[in-house]
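*Asks:* Structure below; questions to follow.
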Amino acid sequence: MKRIGMLTSGGDCQALNAAMRGVVKTLYNSEEQVEIYGFKDGYRGLIYSKFQMLTGKDFSGILTKGGTILGTSRTPFKTIQDPDENGLNKVEAMKQNYYKLQLDCLVVLGGNGTHKTANLLSKEGLNVITLPKTIDNDLWGTDMTFGFQSAVDIATDAIDYIHTTAASHSRVFIVEVMGHKVGWLTLNAGMASGADIILIPEIPYDIKKVVEKIEDRNKRGSGFTIIAVAEGAISKDDAKLSKKEYKKKLEKMTHPSVSYELAEAIQKKTGIEVRVTVPGHMQRGGSPCPYDRVFASRLGAEAGKLILDNQYGFMVGYKNREVVRVPLEDVAGKLKAVSPDASIVKEAKLLGICFGD
Ligand code: F6P
């Protein structure tokens, strides 16, 4: 008999359900007897003992379903070791609930913050297996996270739609793509939709270069310009500030986001009309794309296999087109950012895409 706890934590994304289904199907297809306990709303459910016993039926028909059947929440790692408002030790509470239910393993689906807590629980002696989810694709130790490809599809569609109206009106359009810390999503959706300028957090931009590119396009007869901007895009000047100073600057900013600030600057410098579109959380919503359905199912199946093999303390990742096991301690606390020297950036530049650097 295997008693498995499962939770989804952090911002949701597509294919969370597909991944959980993959784990559960694999377990049910084995000789092993299984009991599945689904914790509600991420680590909160484990802390406050909010769970539900689930059966195979609960996982049936969810391959294509967006969101997460378990619910999710953000439980910041920064404060996980602080007592809650009633003085409860959250880490101890999670351990106690794990032992009370006599769990053999906890399966955690999450991104960066989630992995730090998962690693902590693993170090505290719990049997933990994780699965890498996030539209940001910024988890270290895996070439790909599920949710990413679905979000690329949505962000690409959004930019495609903008393309036609931008051309009709000879305007500059900024499409703000999700990603505060990394630019994988912006880079891929930008390239897929033929954006002329791509601004990502890893490559601070110079407004002069951005304006030059727009003016050059105008001279060549392309009256419109499409700029894909990551939520966390940063100018060269701002990149010189300390983290604290930049945070303060953002707090004081009167624009809703950096894209609007950039739009104002471009309009002032070029006299061209600039519009901003923010697809926002749409990028995390809806059904997973076929790639993510297959990908998440594969990772889920491997997680099921790890449980059957009593192998714990791993994230199931993807390297060089193979599903791999990565020790949790190697993953936790590391960010997989776009290197400015990455070949994809070099190739994008060969295509004439401007990064503002
Ligand atoms: O989960 C990742 C992410 O979607 C980022 O791309 C985005 O910046 C952030 O979450 C938004 O967070 P929230 O849903 O808490 O507003």
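The values are calculated or read from the model by the stated rules, or taken from the named source; none is laboratory data. As the structure is a prediction and not an experimental result, all values here were calculated from the model. Cβ: placed from backbone, ideal geometry, glycine included. Neighbour counts: every protein chain shown. Only protein heavy atoms, including side chains, enter the accessible area calculation; ligands, DNA and RNA are left aside. Shrake-Rupley method; radii C 1.70, N 1.55, O 1.52, S 1.80 Å.
*Asks:* How many Å³ per residue does the convex hull of the Cα positions in the range 126-200 occupy?
*Replies:* Numbers: hull volume 6.5 nm³, N = 75.
Each residue corresponds to 86 Å³ of Cα convex hull volume.
*Asks:* Quick check on the chain: helices-only [θ] at 222 nm, where DSSP H runs of length 4 and up contribute -39,500 (n - 2.57) each and the sum goes over total residues. Nearest 500, please. Don't skip to the end; give the middle numbers.
*Replies:* Numbers: 13 runs with 143 residues, N = 357.
So the helix-based figure for the chain works out to -12000 deg cm²/dmol.
*Asks:* For the Cα atoms of the chain, what angle does the longest principal axis make with the long axis of helix 243-252, in degrees from 0 to 90, nearest 10?
*Replies:* With rounding to tens, the tilt is 70 degrees.
*Asks:* Place +1 on the Cβ of every Lys and Arg and -1 on the Cβ of every Asp and Glu in the chain, take the dipole about the Cα centre, and give the residue among Phe77, Leu187, Pro288 whose Cα lies farthest towards its positive end.
*Replies:* So the residue we want is Phe77.
*Asks:* Let me check I have the definition right: for the range 76-148, take the eigenvalues of the Cα gyration tensor, multiply each by 5, take square roots. What are those semi-axes in whole Å, largest first?
*Replies:* For the range 76-148, the semi-axes come out at 24, 15, 9 Å.
*Asks:* Less than 14 Å Cβ to Cβ from Pro279, Lys/Arg counted +1 and Asp/Glu -1: what total charge do the surrounding residues give? Please report the intermediate quantities before stating the final value.
*Replies:* Details: positive: Arg275, Arg284; negative: Asp153, Asp157, Asp160, Glu176, Glu231.
Around Pro279, the surrounding residues sum to -3.
*Asks:* Are there any trypsin sites (Lys or Arg not before Pro) in the range 256-357 that are in a DSSP loop and have at most 15 other Cβ atoms within 10 Å? List them by number.
*Replies:* Arg321, Lys334
*Asks:* Okay, next question. With only Lys, Arg, Asp and Glu charged, each at its Cβ (+1 for the first two, -1 for the last two), find how big the charge dipole of the chain is about the Cα centre; round to the nearest 20 debye. Don't jump to the answer; show the numbers that get you there.
*Replies:* Details: 47 positive and 42 negative charges, 54 e Å.
That gives the chain a dipole magnitude of about 260 debye.
*Asks:* Another question, then. What is the Cα centroid distance between the range 293-315 and the range 63-105, reported in whole angstrom?
*Replies:* 20
*Asks:* Cross-link candidates for Lys100: which aspartates and glutamates have Cα within less than 16 Å, leaving aside residues fewer than 8 places away along the same chain?
*Replies:* Glu35, Glu92, Glu124
*Asks:* While we're here: On C-alpha positions alone, give me the angle between the axis of helix 290-308 and the longest principal axis of the chain, in degrees, nearest 10.
*Replies:* 30
*Asks:* When only alpha-carbon atoms count, how far does the range 36-128 stretch along each of its three principal axes, as whole angstroms with the largest first?
*Replies:* 40, 26, 25
*Asks:* Averaged over all directions, how much area does the convex hull of the C-alpha atoms of the chain cover when projected, in nm²? Before the final figure, lay out the partial values.
*Replies:* Numbers: hull surface 74.5 nm².
Projected over every direction and averaged, the Cα hull of the chain covers 18.6 nm².
*Asks:* Gap in Å between the Cα centre of the range 192-269 and the Cα centre of the range 4-56?
*Replies:* If we compute the Cα centre of each part, the gap is 41 Å.
*Asks:* Below 8 Å between Cα atoms, with a sequence gap of 6+, how large is the relative contact order for the chain in percent?
*Replies:* Taking the mean separation of contacting Cα pairs over the length of the chain, I get 24 percent.
*Asks:* I've got another one for you. Over the chain, give the accessible area per residue in Å² for a 1.4 Å probe, as an integer. Show your work: numbers first, answer last.
*Replies:* Working: 16090 Å² over 357 residues.
I get 45 Å² per residue for this part.
*Asks:* Of all the stretches in the chain, which is the longest one without any exposed loop site, taking GluC sites (Glu not before Pro) in a DSSP loop (any state but H, G, I, E, B) with at most 10 other Cβ atoms within 10 Å?
*Replies:* Details: sites that count: Glu31, Glu85.
Looking at the chain, 86-357 is the longest stretch - no exposed GluC sites (Glu not before Pro) with at most 10 other Cβ atoms within 10 Å.
*Asks:* Over 19 Å between Cα atoms: which of Lys208/Lys243; Lys95/Lys116; Lys50/Lys95; Lys78/Lys252 fall into that group?
*Replies:* Values: Lys208/Lys243 24 Å; Lys95/Lys116 16 Å; Lys50/Lys95 14 Å; Lys78/Lys252 24 Å.
Too far apart for the 19 Å limit: Lys208/Lys243; Lys78/Lys252.
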